[in-house]
Amino acid sequence: MKIKSIVDKTGSFLLNRLSEIIGIFLLIFSILLLISLVSYSPEDPNFIFPENTKIENLLGFQGSYISDLFLQSIGFIAYLIPITLIFTGISIFKKKEFFLLIENIFYTVPYSIVGTLFLSHYYKDTFTLYINGNGGFIGNYLNETVLNKIINLNETIMFYVLFFLTLVLFLISINFNIKNF
């Protein structure tokens with residue numbers, strides 16, 4: 001009986017420390033991703049233009065490639081992903097629940113899709129992301145599907161629907177709770 005108690009306490013202790021390590025790792029990763037995205041420069045070398053130029057990204061060559069990958073694929077919605085991961089890392093560290101990572105990433109995918117569609121349809125003019133636009137190439141692709149015809153039925157209402165849906169899914173992904181706010 002005493003051995004079973006010791007094994008249970010040891011297992012619980014190890015799981016708690018593992019969840020704290022994963023939470024800290026996720027927090028550090030998401031902060032580095034946010035730094036990479038914030039210091040993005042279109043003149044940095046990337047997948048499309050691999051020229052040897054001065055890298056302005058704070059994380060250097062790797063930050064240049066990662067930020068270009070995120071911003072060219074999903075556009076400005078990419079800035080919300082590290083924010084989601086920061087809140088997820090903090091929640092995993094506090095609550096010691098691994099399932100939060102899966103749940104929050106699950107909600108990250110729909111808000112990324114809806115947000116890229118929103119940005120590529122309503123904000124086509126771009127100054128920073130001049131290759132694929134504000135919604136990235138995923139948003140451009142979605143804007144060429146039947147979803148564009150649905151949006152064109154009533155653009156004013158769909159503007160608010162897409163914006164509200166992106167906002168709600170983002171808030172769900174960061175485990176936002178009005179009572180705790």
* Asked: So which of N104, N132, N175 ends up being crowded, with 17+ Cβ neighbours inside 10 Å, under 20 Å from the mean Cα position of the chain (by Cα), closer than 24 Å to S41 by Cα and modelled with pLDDT under 95?
  -> N132
* Asked: How about the stretch 157-181: which of its residues are assigned to a helix (DSSP H, G or I) and in contact (Cβ under 8 Å) with a residue 60 or more places away in the chain?
  -> T166, L169, F170, I172, S173
* Is one or more of the residues making up the stretch 139-149 among the hydroxyl-bearing types (S, T, Y) and closer than 17 Å to N46 by Cβ? -> no
* So is Y123 open to solvent by 20 Å² or more (accessible area, probe 1.4 Å), out of contact with any Leu (no Cβ under 8 Å at 6 or more places or on another chain) and modelled with pLDDT under 90 or not? -> yes
* Asked: Hey, does the stretch 38-50 have a residue that's touching a helix residue (DSSP H, G or I) at 6+ places or on another chain (Cβ under 9 Å), open to solvent by less than 40 Å² (accessible area, probe 1.4 Å), within 20 Å of G89 (Cα to Cα) and modelled with pLDDT of 90 or more?
  -> no
* Asked: Scanning for something under 22 Å from the mean Cα position of the chain (by Cα), open to solvent by less than 50 Å² (accessible area, probe 1.4 Å) and among the acidic types (D, E), does the stretch 79-99 turn up at least one residue?
  -> no
* Could you identify the single residue in F159, F164, F137, F170 that is open to solvent by 50 Å² or more (accessible area, probe 1.4 Å), within 30 Å of F93 (Cα to Cα) and of a type in the set (F, W, Y)? => F164
* Structure fact -> Taking first residues from the stretch 99-125 that are closer than 16 Å to N152 by Cβ and of a type in the set (D, E, K, R) and second residues anywhere that are modelled with pLDDT under 95 and surrounded by 21 or more Cβ atoms within 10 Å (Cβ to Cβ), the pairs with Cβ under 8 Å that are 6 or more apart or on different chains are K124/G133; K124/N134
* Filtering the stretch 1-25 down to residues that are under 26 Å from the mean Cα position of the chain (by Cα) and β-branched (V, I, T), which residue is nearest to F98 (Cα to Cα)? -> I22
* Considering the stretch 1-21 alone, what residues qualify as being surrounded by fewer than 10 Cβ atoms within 10 Å (Cβ to Cβ) and in contact with a helix residue (DSSP H, G or I) (Cβ under 7 Å, 6 or more places away or on another chain)? -> none
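The values are calculated or read from the model by the stated rules, or taken from the named source; none is laboratory data. Just so it is clear, the structure is predicted and the values come from calculations on it, not from any experiment. Counting neighbours? That spans all protein chains shown, and the Cβs are built from the backbone with ideal geometry, glycine included. Just the protein is used for accessible areas: all its heavy atoms, side chains included, with ligands, DNA and RNA removed. Shrake-Rupley method; radii C 1.70, N 1.55, O 1.52, S 1.80 Å.
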